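K.L.:
My structure is below; once you've seen it, I'll send some questions.
The values are calculated or read from the model by the stated rules, or taken from the named source; none is laboratory data. Because the structure is a prediction, the values reported are computed rather than measured. Here the Cβ positions follow ideal geometry from the backbone for every residue, glycine too, while neighbour counts run over all protein chains shown. To get the accessible areas, we keep the full protein, side chains included, count just its heavy atoms, and leave off ligands, DNA and RNA. Shrake-Rupley method; radii C 1.70, N 1.55, O 1.52, S 1.80 Å.
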Amino acid sequence: MPQPMRVGKSALFFLVTGILFLALIWGMYSFDSGARLLARWVDKTEGIPKTISSHLLLLSSSLSLFIKSAPLFSLLFCLKERSALMKSAKKATAKELVKVFLSGLLLFSGMTYWIVFLNFDIAYEGRKILTLISFNEFFVFCLYSILFVFYYIMSIVSFCAMVFIPLSNYKMLGR
């Protein structure tokens, strides 16, 4: 199998695994809207900021907690495919490396602040479309799935910019 296809399948595997966990959370909630396991999980993590829907508090809190793990899935992918990622990096000057590194750092920091550290209720503080989404379980699941995909992909881009591109250039220089 060609290397780009293998890397793409690997990235898709970790992404689908994360989405399946989100679907499992949604399934547990749909089967029993007062799921004790989810309620216990949310209670144990009470002080952590979340993006929630006050109309579907348990479901949105559980999904919000799980999307914070997207960088972990990205990191697992990057570690599994590190040799392919290192080989695909192009040679760059020191100035370009600093720009790439700082861009990756800024991107990851901004996403992490938005996903991990902000409290946000989509039912009342969001736009009208978010308010409409906040009433329906399926749409809430779709919203958090989209957030997970976005955070997963941007985490991969950030890790490549902050780690693999500089490391591959360091190795190209023979150090």
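K.L.:
Could you tell me how many of the residues in the stretch 39-60 are farther than 20 Å from Glu125 by Cβ and within 20 Å of the chain's Cα centre (by Cα)?
P.N.:
Matching residues across the stretch 39-60 total 2.
K.L.:
Taking the stated definitions as given, is Leu130 among the hydrophobic types (A, V, I, L, M, F, W, C) and touching a Cys at 6+ places or on another chain (Cβ under 9 Å)? Can you show your working first?
P.N.:
Values: among the hydrophobic types (A, V, I, L, M, F, W, C): yes; touching a Cys at 6+ places or on another chain (Cβ under 9 Å): no.
When the stated conditions are applied, Leu130 does not pass them.
K.L.:
Can you pull out every residue in the stretch 43-91 that is among the acidic types (Asp, Glu) and part of a helix (DSSP H, G or I)?
P.N.:
The initial filter retains those residues of the stretch 43-91 that are among the acidic types (Asp, Glu), namely 43, 46, 81.
Across the stretch 43-91, the qualifying residue is only Asp43.
K.L.:
Looking only at residues that are open to solvent by 40 Å² or more (accessible area, probe 1.4 Å), over 19 Å from the mean Cα position of the chain (by Cα) and in contact (Cβ under 8 Å) with a residue 60 or more places away in the chain in the stretch 6-38, which one is farthest from Lys68 (Cα to Cα)?
P.N.:
Arg6
K.L.:
Where in the stretch 92-175 are there helices (runs of 4 or more DSSP H), lying fully within it, with 1 or more residues that are surrounded by 16 or more Cβ atoms within 10 Å (Cβ to Cβ) and among the acidic types (Asp, Glu)?
P.N.:
137-159
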